[in-house]
1. Just to be sure before I move on: is Lys250 among the basic types (Lys, Arg), touching a helix residue (DSSP H, G or I) at 6+ places or on another chain (Cβ under 8 Å) and within 20 Å of Val3 (Cα to Cα) in the structure I sent?
2. Residues that are polar (S, T, N, Q): list the helices (runs of 4 or more DSSP H) wholly contained in region 285-391 that include at least 3 such residues.
3. Would you check if Gln144 is open to solvent by 10 Å² or more (accessible area, probe 1.4 Å), assigned to a helix (DSSP H, G or I), out of contact with any helix residue (DSSP H, G or I) (no Cβ under 9 Å at 6 or more places or on another chain) and more than 27 Å from Pro246 (Cα to Cα)?
4. Looking only at region 280-289, decide whether some residue is closer than 28 Å to Ile383 by Cβ and open to solvent by 30 Å² or more (accessible area, probe 1.4 Å).
5. Out of Asp39, Asp14, which single residue is surrounded by fewer than 17 Cβ atoms within 10 Å (Cβ to Cβ) and closer than 29 Å to Asn356 by Cβ?
6. Go through the residues of region 116-126 one by one and say whether even a single one is surrounded by fewer than 24 Cβ atoms within 10 Å (Cβ to Cβ) and basic (Lys, Arg).
7. What is the number of the single condition among (1) free of Cβ contacts under 8 Å to residues at least 60 places away in the same chain; (2) surrounded by 12 or more Cβ atoms within 10 Å (Cβ to Cβ); (3) not charged (D, E, K, R) that Gln358 does not meet?
8. Report the residue count in region 163-184 for those that are surrounded by fewer than 18 Cβ atoms within 10 Å (Cβ to Cβ) and either in contact with a strand residue (DSSP E or B) (Cβ under 9 Å, 6 or more places away or on another chain) or among the aliphatic types (A, V, I, L, M) (or both).
Amino acid sequence: MKVAVAGCCHGALDKMYETLELLQRRHNVRPDLLLCCGDFQAVRNEADLRCMAVPAKYRHMQTFYRYYSGEKKAPVLTVFIGGNHEASNHLQELPYGGWVAPNIYYLGYAGVVRFRGVRIGGISGIFKSHDYRKGHFECPPYNQQTIRSAYHVRNIEVFKLKQLKRPMDIFMSHDWPRSIYHYGNKKQLLKMKSFFRQEVESNTLGNPAASELLQHLKPTYWFSAHLHVKFAAFMQHETSSKEELPKATKFLALDKCLPHRDFLQIIDVEHDPNAGDSLEYDAEWIAVLKATNSLVNVTQSSWNMPEKNGLHAKWDYSATDEAIKEVLEELNHDLKIPCNFTLTAACYDPSKPQKNMQPVHTINPQTTEFCAQFGLTDINDRIQQAKEEGSGRGECEEEEEEEEMDSTGSAEEPSEYNTDNSGLSSINPDEIMLDEEGGDEDLSTCSVDPSPDHPPEFSTSFSDIRIMPDSMAVSSDDAMDSNNEDLEKSGGSKQGEEKSSSERPLKRIGGDENGNSGIKKIKRRNQAIYAAEEEDKTD
């Protein structure tokens, strides 16, 4: 079957689906499934915008609400994970996954599903070491810390995924697995994104927890987004025994969803021709959720997952064949995920804007039904109980924060990782000041329909890494850091664009009469997103 993979959507669903329709008309290619690697922005109303960690002036409604209301329906089954620019209050309603709109399914904090026999897993959010070992304690209305910590990856989700033993076909993460850049055309990557160099050379770019999952799960494909650059890699995994067959992962990072960008990738995936067209639960994953249910934590306290170190009576929570069989029997061998989407919030009405709408903590019926069916803890219900009991650790405070800044957190126990990709190096061009009067990026106007003189280069097969565009192809010589003159010549225009952008002087805004600097810090990659959205709005 054909699977379309997209990077950061940023709420531009109309553009994304129109591009798929264009692909079908021009190239006679119709995907059976669409995967999105985070920053989906399932924004239903003005309250959801308040829960999205971006500066206030860049909070735009975009087009998801039309699919939420039923005005439109996704033309292809869409499965997505969360990123770091999301309506966190909406996604939090579905910690185990669920439908955010008809035909659009969210995988939850972490999840595994099946479609036509293809096993698809994913983990939402981005890695920050200071929140990694905390529980999911956040709830709306968020304060300046929790609006960001809400989308940070937690160790319990990684622990659950590491209990899986059966083969994985496709896996998604928003940020890249750390070190994956060593398995692809690293020179070309650094030409396009020169300010990654220090992190790449120090091996601190990317998510270390995702790197562990990559080595444990060894999926056939791994897709990511976040860094807004297309990059391919091929990783050959080491075998643990002579009997184990060699495994390899084809990695692809996608660019953001903008017209005139090659933000979609089409791959051919082997599937079960006898399987139905419905999205299905994965029996092993359900069994793991049941086995790890006692580990659910809704506090800010840092804690470690069980491990074989003499401190835990049990450390193996993997699913036995008997446990998987029990799940199948509970479902009468019908793994079809019910189409039980329910509206849980008022939908945005352009004719009646409600700028003062406030977010509320909601218990989603889909989650209630899922937890009741499998005997799981409803995380939001547990948080609600903690609030009612006046628990200081689980209490949510209403405090609006308009500007983007990193979660500061408090002193915590040492992380199991000795580095943190949450902050870039102390001197990094990726961290720049955002001038109030304009962005630092030169953005061109966009249109959904690519120029007829330059049709998009869609690859309809991923069976061989060499079929990809030359700028994204993996060079074994480059992976070993050998000099290659041909690579030096490729991608020259992109290098020039990136260089001119990175060499521009940093902009600052003057202080106020009280001596406050008024400086707003924002990452270059995020600035480009917001500026592009603002440009689209004026079109």
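1. Details: among the basic types (Lys, Arg): yes; touching a helix residue (DSSP H, G or I) at 6+ places or on another chain (Cβ under 8 Å): yes; within 20 Å of Val3 (Cα to Cα): yes.
Yes: the conditions hold for Lys250.
2. Values: elements: 321-330, 365-374, 379-388.
Answer list for region 285-391: 365-374, 379-388.
3. Values: open to solvent by 10 Å² or more (accessible area, probe 1.4 Å): yes; assigned to a helix (DSSP H, G or I): no; out of contact with any helix residue (DSSP H, G or I) (no Cβ under 9 Å at 6 or more places or on another chain): yes; more than 27 Å from Pro246 (Cα to Cα): yes.
No, not satisfied.
4. Within region 280-289, none of the residues are closer than 28 Å to Ile383 by Cβ and open to solvent by 30 Å² or more (accessible area, probe 1.4 Å).
5. On the way: Asp39 fails: surrounded by fewer than 17 Cβ atoms within 10 Å (Cβ to Cβ).
That would be Asp14, the only listed residue that is surrounded by fewer than 17 Cβ atoms within 10 Å (Cβ to Cβ) and closer than 29 Å to Asn356 by Cβ.
6. Looking through region 116-126, at least one residue is surrounded by fewer than 24 Cβ atoms within 10 Å (Cβ to Cβ) and basic (Lys, Arg).
7. The number of the failed condition is (1).
8. Step one: list which residues in region 163-184 are surrounded by fewer than 18 Cβ atoms within 10 Å (Cβ to Cβ), which gives 165-167, 182.
From what is left, the residues that are either in contact with a strand residue (DSSP E or B) (Cβ under 9 Å, 6 or more places away or on another chain) or among the aliphatic types (A, V, I, L, M) (or both) are 166-167, 182.
The qualifying residues number 3.
The values are calculated or read from the model by the stated rules, or taken from the named source; none is laboratory data. As the structure is a computational prediction, the values presented were derived from the model and not from experiment. All Cβ positions, glycine included, derive from the backbone under ideal geometry; neighbour counts span all protein chains shown. Quick note on the areas: whole protein, heavy atoms, side chains included, nothing else; ligands and nucleic acids left out. Shrake-Rupley method; radii C 1.70, N 1.55, O 1.52, S 1.80 Å.
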